[in-house]
1. Collect the residues in the range 34-55 that are exposed (fewer than 14 other Cβ atoms within 10 Å of the Cβ), touching a residue at least 12 places away in the same chain (Cβ under 8 Å) and closer than 18 Å to R241 by Cβ, keeping them in residue-number order.
2. Output yes when any residue across the range 122-145 is closer than 25 Å to R81 by Cβ and among the β-branched types (V, I, T), and no when none is.
3. Kindly provide the set of residues from the range 142-192 that are of a type in the set (S, T, N, Q) and without any contact (Cβ under 8 Å) to a residue 12 or more places away in the chain, ordered by number.
4. Being surrounded by 19 or more Cβ atoms within 10 Å (Cβ to Cβ) and of a type in the set (A, V, I, L, M) is the filter; apply it to the range 212-235 and report the residue that is nearest to the chain's Cα centre (by Cα).
5. Of V172, V152, V212, which residue is in the same structural domain as M114 (by TED's automatic domain parsing) and under 20 Å from A98 (Cβ atoms)?
6. Based on what the data block shows, is R49 touching an Asp or Glu at 6+ places or on another chain (Cβ under 6 Å) and modelled with pLDDT under 95?
7. Of L159, L87, L175, which residue is surrounded by 18 or more Cβ atoms within 10 Å (Cβ to Cβ), over 26 Å from D206 (Cβ atoms) and in contact with a strand residue (DSSP E or B) (Cβ under 8 Å, 6 or more places away or on another chain)?
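The values are calculated or read from the model by the stated rules, or taken from the named source; none is laboratory data. As the structure is a computational prediction, the values presented were derived from the model and not from experiment. Cβ sites come from the backbone with ideal geometry, for glycine too, and all protein chains shown count toward neighbours.
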Amino acid sequence: MSPLNRGTFYGCRDERGRLEGVALIGHATLFEARTPRALRAFALAAQSRPNLHLVLGESEPVAEFWRHYRAEGQPMRLACRELLFRLDRGDRVGEVTAVEGLRLATREDLPLVMPAQARMVEDESGLDPRLSDPEGFQRRCERRTDGGRTWVLTEGGRLVFKAEVLAEAEGVVYLEGVYVAPEERGQGIGLRCLSRLTAELLRREDSVCLLVNEKNEAAHAFYRKAGFRFDCHYDTIFLRRA
């Protein structure tokens, strides 16, 4: 529970009080439902919440959620399929070398980090957060930086590599916003940075996961080279706001 979630947690229990599912319904709507009844309940609860931005989850549950939600909910603006890639501690092979200059970002790095992150968000969602929510976007970037969740490699006043720890739960770290400067792609520096970062994260957790758009085949090859393997399909539905 956190005031930064931009949503409300819901739980669904059966007649014996056993938990059938949980959901965060709000800007980003996520759920884990173990019964069809719970999934339908979350979809109906989401209908009463204004200005949802997206629904994200494994493909089949998202399709079922949408079947219940769409009649009275916000219309779909954009949909995309993503691949969940996973790297487990036991999958790591070979020696990982240090990358000089790879470090946690500071607020002084935000003028480089924010434009790169904004472009990635726009490429995926169709909306530039610097225009749709400039103050909120800046605060979120600041919180991640202050919390030690943004990693960067800079050189000569430019951003070479960036990655963000979206969340860390027991046993797993979720990454997003992995960026390599266009002029550096294919040179190996992005792969070395990602390998070094994941090695660091796997010292304290069992797995590192991230989502990649199914159409981004270059990124698929990049993550496979870093040792990641495909786990399952996810769907994201972006909603049209009132």
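1. Passing the criteria: P50, N51.
2. The answer is no; no qualifying residue exists.
3. Step one: list which residues in the range 142-192 are of a type in the set (S, T, N, Q), which gives 145, 150, 154, 187.
Hit for the range 142-192 is Q187, nothing else.
4. Step by step, filter the range 212-235, then rank; the result is V212.
5. Among V172, V152, V212, only V152 is in the same structural domain as M114 (by TED's automatic domain parsing) and under 20 Å from A98 (Cβ atoms).
6. Values: touching an Asp or Glu at 6+ places or on another chain (Cβ under 6 Å): no; modelled with pLDDT under 95: yes.
Spelling it out, it is not the case that R49 is touching an Asp or Glu at 6+ places or on another chain (Cβ under 6 Å) and modelled with pLDDT under 95.
7. On the way: L87 fails: over 26 Å from D206 (Cβ atoms); L175 fails: over 26 Å from D206 (Cβ atoms).
Of L159, L87, L175, the one residue that is surrounded by 18 or more Cβ atoms within 10 Å (Cβ to Cβ), over 26 Å from D206 (Cβ atoms) and in contact with a strand residue (DSSP E or B) (Cβ under 8 Å, 6 or more places away or on another chain) is L159.
Conditions tested, residue by residue: (1) surrounded by 12 or more Cβ atoms within 10 Å (Cβ to Cβ); (2) polar (S, T, N, Q); (3) outside any strand (DSSP E or B).
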{"site": "S2", "(1), (2), (3)": "no, yes, yes"}
{"site": "N5", "(1), (2), (3)": "yes, yes, yes"}
{"site": "T8", "(1), (2), (3)": "yes, yes, no"}
{"site": "G17", "(1), (2), (3)": "no, no, yes"}
{"site": "A23", "(1), (2), (3)": "yes, no, no"}
{"site": "T29", "(1), (2), (3)": "yes, yes, no"}
{"site": "E32", "(1), (2), (3)": "yes, no, no"}
{"site": "E64", "(1), (2), (3)": "yes, no, yes"}
{"site": "H68", "(1), (2), (3)": "yes, no, yes"}
